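Here's the structure, in structure tokens; my notes come after.
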Amino acid sequence: MASSDVDGILQSLVLSKADLEEISDLMRQNMDRGLNRATNPSAVVKMFPSFVRSLPDGTEKGDFFALDLGGSNFRVLRVQLLDGDVQMTSKVYKISQGTMTGTGEQLFDYIADSLAEFKNEQGLSDVDLPLGFTFSFPCKQNGLASAELVQWTKGFSASGVEGKDVVVLLKEACARKKVALQIVALVNDTVGTLMSCAYSCSDTYIGLILGTGTNACYLEKLSNVDTWTGDDGEPRDVIINMEWGAFGTDKSLDKFRTKFDNEVDEVTLNKGKQLYEKMISGMYLGEIVRLILVKLATDGDLFGGQVSSDLKTPWKFETRFLTDIESDTSDNNAECNTILKSLGVTPSPSDLPVIRRVCAAVSTRAARLSVAGLSAVVKKIGAAELTIAVDGSLYKKHPTFKSNMEKTLKELVPGVTVKLMLSEDGSGKGAALVAAVAARLGS
Ligand code: BGC
């Protein structure tokens with residue numbers, strides 16, 4: 001077996017501490033460009049002010065509806081905030097490929113229909129509660145309940161939505177469907193995640209999503225936000241939705257990208273965009289692994305030189321396979337074998353360690369890259385101690401993603417005590433909290 005190929009490929013995925021420091025510095029430059037009014041129009045990392053000005057203080061109360069759209073599942077929730085305790089009832093509605101890529105009208109009609117069904121099933125048809133909408137795509141906000149979609153990500157392409165205010169589109173759909181709607185806030189999932197964790201943990205300043213996509217937000221001083229167009233009164237902070245997935249669109253990450261990253265980008269709907277996201281998040285890691293396995297098999301380094309038709313098919317190797325393969329610690333590699341058999345491949349005993357090494361190299365690179373970005377934010381905030389609220393299936397399910405992040409944080413920001421805290425269900429709860437904080441502040 002020509003193991004030099006394997007080693008060469010794996011080596012191309014290794015990012016040294018110096019590489020990560022360079023990426024961290026680049027991220028910081030991108031953040032500054034996004035925050036500055038003169039450079040923002042051409043900035044890649046847009047640093048959108050979320051109009052959320054205050055973190056929850058645990059005293060928020062009330063009864064809310066929330067909508068959560070950000071991937072192939074859409075959720076409707078009822079969130080009750082009672083004296084620091086949160087009760088939620090929710091229902092998941094599948095978003096089909098056709099709805100993701102059809103017309104905007106179909107997508108928003110589907111959301112309105114789902115809200116109507118949920119209210120009906122909960123016996124709340126005639127009840128009109130304030131609603132928070134978690135909409136996890138890059139939006140330029142003009143207020144808490146006004147947000148223009150800049151561009152779709154994560155495989156969505158519904159027509160007639162980019163450049164429009166999605167709150168208006170939702171209101172129009174609800175009017176068409178005769179569903180009462182009292183929308184008070186639109187939030188990104190990172191913002192929801194930060195809010196939800198801050199409800200119980202007061203030194204939480206960063207929200208991070210590592211799921212189908214990736215993104216981060218953090219609490220910034222208004223005086224540092226040159227693009228701010230809202231009022232200058234108290235509180236003098238605002239959460240910035242970084243939209244860091246777009247980092248690298250100006251080719252600044254090209255020297256760290258491999259030919260496999262380029263190949264993944266080629267088959268996406270948003271080619272050339274979201275390049276940092278495409279090296280980190282769950283929608284893409286499986287595809288990177290698949291391309292490497294195909295290359296190794298074609299070169300005769302795996303599977304006796306055979307490539308099954310499933311393994312040749314884009315997107316067939318899902319990121320959950322990578323998570324399951326790396327989680328499989330059994331002596332007989334049962335899980336690995338089952339996954340590969342489902343893809344029409346029978347691995348030999350010597351193939352298995354190679355497959356594991358490929359998966360580990362891809363997931364470790366992703367974890368380290370995410371921390372390169374985080375370290376720029378941590379340094380900018382400048383606190384000696386802080387908590388990062390994290391949510392997303394990749395972070396929650398992968399066996400070593402969190403520990404790899406923790407190790408890398410020690411390398412890159414050794415003087416800061418950083419705690420990663422799982423913010424379970426932040427996007428649902430967070431939207432209600434934003435609505436509640438808005439009510440508390442009377443905005
Ligand atoms: C979107 C972000 C979102 C992230 C995580 C990205 O593709 O642009 O708005 O926060 O995915 O869901």
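What does the helix-only formula give at 222 nm for the chain: each DSSP H stretch with n ≥ 4 adding -39500 (n - 2.57), the total divided by the residues, and the result rounded to the nearest 500 deg cm²/dmol?
-13500 deg cm²/dmol
Under Stokes-Einstein, with the Kirkwood radius over Cα pairs standing in for Rh, what whole-number D in µm²/s applies to segment 23-138 at 37 °C and 0.692 mPa s?
D = 192 µm²/s.
Under a point-charge model restricted to the Cβ atoms of Lys and Arg (+1) and Asp and Glu (-1), what is the dipole moment magnitude of segment 302-370 relative to its Cα centre, in debye to the nearest 20?
300 debye
Report, ordered by chain and residue number, the aspartates and glutamates lying within cross-link reach of K380, taken as a straight Cα distance under 18 Å and ignoring same-chain residues fewer than 8 apart.
Once the sequence-local aspartates and glutamates are set aside, what remains near K380 is E21, E22, D25, D32, D203, E220, D226, D237, E243, E411.
Write down the Kirkwood hydrodynamic radius of segment 213-370, to one decimal in angstroms, obtained as one divided by the mean of 1/r over all alpha carbon pairs.
17.6 Å
Which is farthest toward the positive dipole end of the chain among T103, T417, L210, measuring Cα position about the Cα centre, with Cβ charges +1 (Lys, Arg) and -1 (Asp, Glu)?
Of the listed residues, the answer is T103.
About the Cα centre, and with charges only on the beta carbon of Lys, Arg (+1) and Asp, Glu (-1), how big is the dipole of the chain? Nearest 20 debye, please.
Values: 48 positive and 57 negative charges, 75 e Å.
The calculation lands at about 360 debye.
Equivalent-ellipsoid semi-axes (√(5λ), Cα gyration tensor) for the chain, whole Å, largest first? Intermediate results must be reported in sequence, preceding the final value.
Details: eigenvalues 274, 131, 80 Å².
Whole-Å semi-axes of the equivalent ellipsoid: 37, 26, 20.
Considering only C-alpha atoms, what is the centroid distance from segment 264-320 to segment 324-375, in Å?
Here the answer is 13 Å between Cα centres.
Cross-link list K119/K164; K379/K402; K341/K419: which exceed 29 angstrom alpha carbon to alpha carbon?
Exceeds cut-off: K341/K419.
Who wins for biggest fluctuation among V264, V92, V79 in a Gaussian network model of the chain, springs between alpha carbons below 10 Å?
The residue that fluctuates most here is V92.
Any chance you could run the full-extension gain for T258 through D232? It's 0.36 nm times the residue separation minus the Cα-Cα distance, nm to one decimal.
Extra length from T258 to D232 when fully extended: 4.9 nm.
Specify which residue in the list N73, M283, H398 is farthest towards the positive end of the charge dipole of the chain, using unit charges on the beta carbon of Lys, Arg (+1) and Asp, Glu (-1), about the Cα centre.
M283
Would you please give the residues with an amide H less than 5 Å from that of S423, counting only those at least 5 places away or on a separate chain, with H modeled from the backbone geometry?
V390, D391
Pop out the carbon and sulfur fraction of the accessible area of the chain as a percent, whole number, probe 1.4 Å.
Of all accessible area on the chain, carbon and sulfur atoms account for 49 percent.
Where the centroid of each part is defined by its Cα atoms, how far is segment 227-251 from segment 22-50 in Å?
9 Å
Give me the angle, in degrees from 0 to 90, between the Cα long axis of helix 282-298 and the longest principal axis of the Cα atoms of the chain, rounded to the nearest 10.
Between helix and principal axis, roughly 10 degrees.
Mind putting a number on the dipole of segment 73-167 about its Cα centre? Charges go on the C-beta only, +1 for Lys and Arg and -1 for Asp and Glu, and I need it in Debye to the nearest 20. Provide the component values of the computation, followed by the final result.
Values: 8 positive and 12 negative charges, 73 e Å.
Using only the charged Cβ atoms, the result is roughly 360 debye.
Would you mind checking the tilt of helix 104-121 against the longest principal axis of the Cα atoms of the chain, expressed as 0 to 90 degrees and rounded to 10?
Once rounded, one gets 70 degrees.
Say we join alpha carbon atoms closer than 10 Å with springs in a Gaussian network model of the chain; which of C139, C336, C217 then has the biggest fluctuation?
For the chain, modelled as a Gaussian network with Cα springs under 10 Å, the answer is C336.
Once the dipole of the chain is set up with Lys and Arg at +1 and Asp and Glu at -1 on Cβ about the Cα centre, which of N40, A436, V168 lies farthest towards its positive end?
My answer, from the dipole projection, is N40.
Please build a GNM for the chain, connecting alpha carbons under 10 Å apart, and tell me which residue among S90, S196, S24 fluctuates the most.
Among S90, S196, S24, the largest mean-square fluctuation in the Gaussian network model of the chain belongs to S90.
Can you tell me the orientation of helix 17-35 relative to the chain, as the angle in degrees between its alpha-carbon axis and the longest Cα principal axis, to the nearest 10?
It is inclined by approximately 30 degrees.
Ranking request for peptides 253-259, 381-387: highest mean number of other beta-carbon atoms within 10 Å first, then the rest in descending order.
Details: 253-259: 15.3, 381-387: 12.9.
Ranking the peptides 253-259, 381-387 by packing returns 253-259, 381-387.
The values are calculated or read from the model by the stated rules, or taken from the named source; none is laboratory data. Computed from a predicted structure; not experimentally measured. Glycine also receives a Cβ, built like all others from the backbone with ideal geometry; neighbour counts cover every protein chain displayed. For the accessible areas, the whole protein counts, side chains as well, though only heavy atoms, and no ligand, DNA or RNA atoms are used. Shrake-Rupley method; radii C 1.70, N 1.55, O 1.52, S 1.80 Å.
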